[in-house]
Structure formats: structure tokens, C-alpha cells
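The structure appears right after this line, and notes come after that.
Throughout, read-outs are computed from the coordinates displayed, never taken from laboratory work. Bear in mind that the values here come from a model prediction, so they are computed numbers and not experimental data. So basically every Cβ, Gly included, is an ideal-geometry build from the backbone, and we count neighbours across all protein chains shown.
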Amino acid sequence: MLYTFFEIGHAALSPLRAAASATKQAYRSPLNPASFTLAGKSVAAAADVFESVTRRYGKPDWNLADITIDGRVRTVTTETVQSRAWCDLVHFRREGAEARLDPKVLIVAPLSGHYATLLRGTVEAFLPDHEVYITDWVDARLVPVTGGRFDFDDYVDLVRDFLRCLGPQTHVVAVCQPGPAVLAATALMAEDKEPSAPATLTLMGSPIDARRSPTEPNLLAEARPLSWFQDTMIQTVPWPNPGMLRRVYPGFVQLASFMNMNWDRHVDAHWTFFEHLIGDDGDSAERHRGFYDEYLSAMDLTEEFYLQTIDRVFQQHLLARGILEHRGRPVRPEKIKTTALMTVEGENDDISGVGQTQAAHDLCAGLPDSMKLDRVQPDVGHYGVFNGRRFRDEIQPAVRAFMRDHWDADADRAVREPAARAIAAE
């Protein structure tokens with residue numbers, strides 16, 4: 001019923017949003033003398049804030065900036081390499097730089113309520129020196145019930161399939177939530193001696209062992225039985241969404257949880273936005289819009305994936321205890337022998353506490369110390385682990401160097417050049 005009430009509430013506010021939009025235009029028109037007064041600017045700003053906090057935010061566009069490679073400006077376009085019901089494998093093509101042999105990087109975006117575009121800054125940081133791919137997840141409310149289920153094991157399978165598609169010498173970056181599933185996929189590929197097992201695996205702010213330095217979300221996950229999450233958090237997608245009747249963990253519930261963790265900060269941010277609008281500080285107002293257009297874009301998760309993640313990762317800690325299974329098969333991270341491992345954590349991370357990601361080094365006991373690297377970034381929180389100035393200036397360069405230290409360029413070239421010739425022949 002909560003989802004239905006949400007839809008009804010959104011529809012009920014439509015006339016008010018329309019009125020706010022009309023008011024905003026009227027009080028910003030150069031033909032209206034009131035638009036130059038403090039009162040007029042205040043009315044327009046209030047209407048703008050009301051419209052922005054009550055509208056529905058769809059999936060944002062990538063809108064990637066041009067990048068400079070070899071002293072030349074290159075345009076970045078997106079292309080879908082593989083399309084699945086639940087996820088697309090997206091490649092960021094650097095126009096005019098196809099001949100460069102740069103390491104392939106698969107960024108596994110979190111499936112935790114936000115779209116993959118939340119990692120726009122992450123992608124942009126890697127683009128100048130890498131061939132970048134990303135998992136672009138599909139909103140569960142858009143997948144008809146005839147599309148079937150999507151659970152934790154399906155997630156692991158999907159990562160393995162995408163790695164096989166990209167081929168050997170691919171580097172993987174798992175941002176936050178995907179860490180346990182991606183580590184499991186890597187372990188299974190290692191045990192099967194698959195040639196497409198990743199060259200390196202970088203885990204960033206991931207809950208590999210949520211028992212270490214538990215944060216507020218970790219404690220909440222353990223404080224309630226799984227049945228509480230099923231009864232309280234799971235809703236049925238209502239009409240007119242394509243995924244009507246599907247049971248999901250709604251994105252708006254996840255978004256509300258995140259915002260409540262820092263409610264005062266979000267209120268202050270919108271009040272500052274209001275002041276910037278009145279003061280004609282367009283640059284500051286646009287930065288606010290850019291952040292919240294992304295942050296307020298929420299997507300639904302399937303019931304089975306959400307509940308299994310709570311159960312396996314945050315309550316039973318199966319991977320950390322060495323008893324995780326994938327479709328009845330034990331997952332053995334100690335079998336990883338050829339995939340170098342790097343972990344990155346933020347000193348002030350309030351989602352995945354310090355030590356939770358580092359736990360991967362203990363699990364990957366088959367790797368020598370020369371193939372492991374741990375980094376705890378001072379003075380950054382969860383978001384700063386994969387985005388922002390510290391990420392661009394300090395974290396990403398360290399990850400780039402780590403990848404190149406464990407990249408066999410000759411082997412990569414041997415795989416890619418025949419494939420390129422075959423495509424050209426077609």
C-alpha cells in the first residue's frame with residue numbers, strides 16, 4: 001500500500017507543481033517588473049525549490065565531458081555492448097582514440113537504489129588512460145513480472161558473463177555494495193581457471209565483512225529479523241508502471257533512509273540553494289541542481305536480491321565466515337591466485353566502516369603480499385572514496401598505477417588485435 005500511496009501523492013501534487021512552474025516563469029520573466037525585486041526573486045526561488053523537491057527524478061543522462069588524450073580533445077559517447085533484462089554492459093567510446101592500447105576497466109556500479117550515473121565522476125577519472133565499461137542497472141519497476149527473478153546468484157552470474165565478454169586482462173573496480181558478489185565471481189572464475197578472470201580487482205568501500213567497525217546501517221541490518229525487512233520494506237509495484245505486481249524494495253524508501261542519516265545537511269543545502277537563487281548566484285545553484293538531480297534519482301531493487309543481500313552479507317556474513325555458496329557451490333576466495341587485489345576505504349566512511357573492505361585480504365589467502373595493496377584515504381567519507389577531488393587527485397592515480405603494475409600489455413594486445421581485425425573485416 002505504501003507504494004500506491006506514494007504514486008497517489010505524486011499525482012496529487014501535479015497541479016501544484018504545474019502552478020509552481022508557471023509562477024517561477026512569471027517571476028523570472030524580464031517583462032515582469034517584479035522579477036527584479038527581492039520579493040519577486042523570493043517567490044520565484046520558493047517555487048523553484050518546491051518543484052525540485054516534489055518532482056520525480058528519472059534516470060539521468062551520462063553527459064560526460066570531453067577528455068584530452070595525447071594532447072587532443074576527444075568526445076566520449078556511450079554504446080551498449082550487451083543488453084540484459086536487468087543490466088546493460090555500457091562502453092564509453094573515446095572517439096579518435098580507438099588505436100590506443102589502454103587497460104580495460106569494468107566498473108561494477110552498486111545496485112543499491114541509485115543509477116550507475118552516480119559514478120559519472122568515477123568514469124571520467126578513468127577515461128583518459130583506460131577503456132572503460134560499466135554495469136548499467138535497470139530499475140526493477142520497469143521490468144515486467146514476465147522478466148523473471150533477479151537475485152544474488154544472478155548478480156554473480158552476470159558479473160562473470162560480462163567478464164567473459166570483455167576477455168582476459170580486464171581490470172574490475174567494485175564500488176561499495178557489489179564487493180561481495182564481485183569477489184565471489186572472481187573466486188569462482190579462479191577456481192575454474194577461466195582465462196577471463198580479472199587481472200586486478202579493486203574493492204572500494206565494500207562490506208566484505210560488515211562485522212568490522214559496524215556503522216549505523218550495519219547495526220540496523222542486524223537489529224531486526226529478516227522477516228521485518230520483508231514485511232516492512234518490500235512493496236508491490238502498482239499500476240501504471242511496467243513492472244506492476246512485482247515485489248520490490250522501492251528506491252524512494254532507500255532514498256528516504258539515506259537522507260534521514262544526514263537530514264540537517266540536506267535541509268541546509270536546500271536553504272542555501274534558495275539563497276543562491278535569490279542572489280542570482282547561478283553557478284552555485286547549478287552545482288546544487290547537478291548533485292541533487294543525481295542524488296534524488298532512485299531505482300527499485302527486486303525483493304529477492306534485496307533480502308538475500310541483507311541475509312547473506314549483513315546478517316549471516318557468509319562470505320566473511322567462509323561459508324558463502326553460489327547455487328550450492330562453495331565460494332573459495334583463497335583459490336584466487338592470479339588476480340591482484342587492491343582495497344580502498346575512507347577514514348570517515350559512515351556506510352562501510354574501516355576494516356570491512358580490508359577483510360578481503362584475509363580471505364584471499366592464496367595471493368602473495370606482492371599482489372595485494374590496501375589504502376585508507378584520510379579525511380574522506382563514503383562518497384569521497386569513489387568521487388570528488390580526493391578521488392581524482394589521490395585515489396584514482398594509485399588505482400591506475402596498481403592496474404598497470406599487474407597488467408600484461410602484450411597478452412592484452414594479442415587478444416585485442418585479432419578481434420579488431422575481425423570487426424574491421426565485417
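Quick notes on this structure:
- Most to least packed among 163-169, 113-119 [average Cβ atoms within 10 Å]: 113-119, 163-169
- Inter-part distance where region 206-253 and region 83-103 are each reduced to a Cα centre, Å: 32
- Most mobile of Gln82, Gln254, Gln377 in a GNM of the chain (Cα contacts under 10 Å): Gln82
- Fluctuation leader among Asp311, Asp369, Asp151 - the chain, Gaussian network, Cα springs under 10 angstrom: Asp369
- Near Glu325, once Lys and Arg are set to +1 and Asp and Glu to -1 for all other residues with Cβ below 12 Å from its Cβ, the sum equals +4.
- Taking the number of Cβ atoms within 10 Å of each Cβ as an exposure proxy, the fewest-first ranking of Arg72, Arg55 is Arg72, Arg55.
- Surrounding net charge for Gly353, when Lys and Arg each add one and Asp and Glu each subtract one, Cβ distance under 11 Å: -4
- Taking only the C-alpha atoms of the chain, Rg followed by Dmax gives 22.9, 73 Å.
- Among the listed pairs Lys104/Lys372; Lys193/Lys335; Lys104/Lys335; Lys337/Lys372, those with a Cα-Cα distance over 18 Å are Lys104/Lys372; Lys104/Lys335.
- Helical contribution to [θ] at 222 nm, DSSP H n ≥ 4, -39,500 (n - 2.57), averaged over the chain, rounded to 500: -12500 deg cm²/dmol
- Rounded to the nearest 10 degrees, the inclination of helix 282-295 to the longest alpha-carbon principal axis of the chain is 60 degrees.
- Candidate lysines for bridging to Lys24, where Cα separation is under 26 Å - those fewer than 8 sequence places away on the same chain excluded: Lys41, Lys59
- Highest-fluctuation residue, Pro144, Pro60, Pro240 considered, GNM on the chain with Cα pairs under 10 Å: Pro240
- Antiparallel DSSP beta bridges within the chain, as percent of all bridges there, nearest 5: 45
- 37 °C / 0.692 mPa s Stokes-Einstein diffusion coefficient of region 179-310, Kirkwood radius on C-alpha pairs, µm²/s: 178
- Take the Cα radius of gyration of region 76-149 and divide it by 2.2 N^0.38 Å, N being the number of residues; the result is 1.21.
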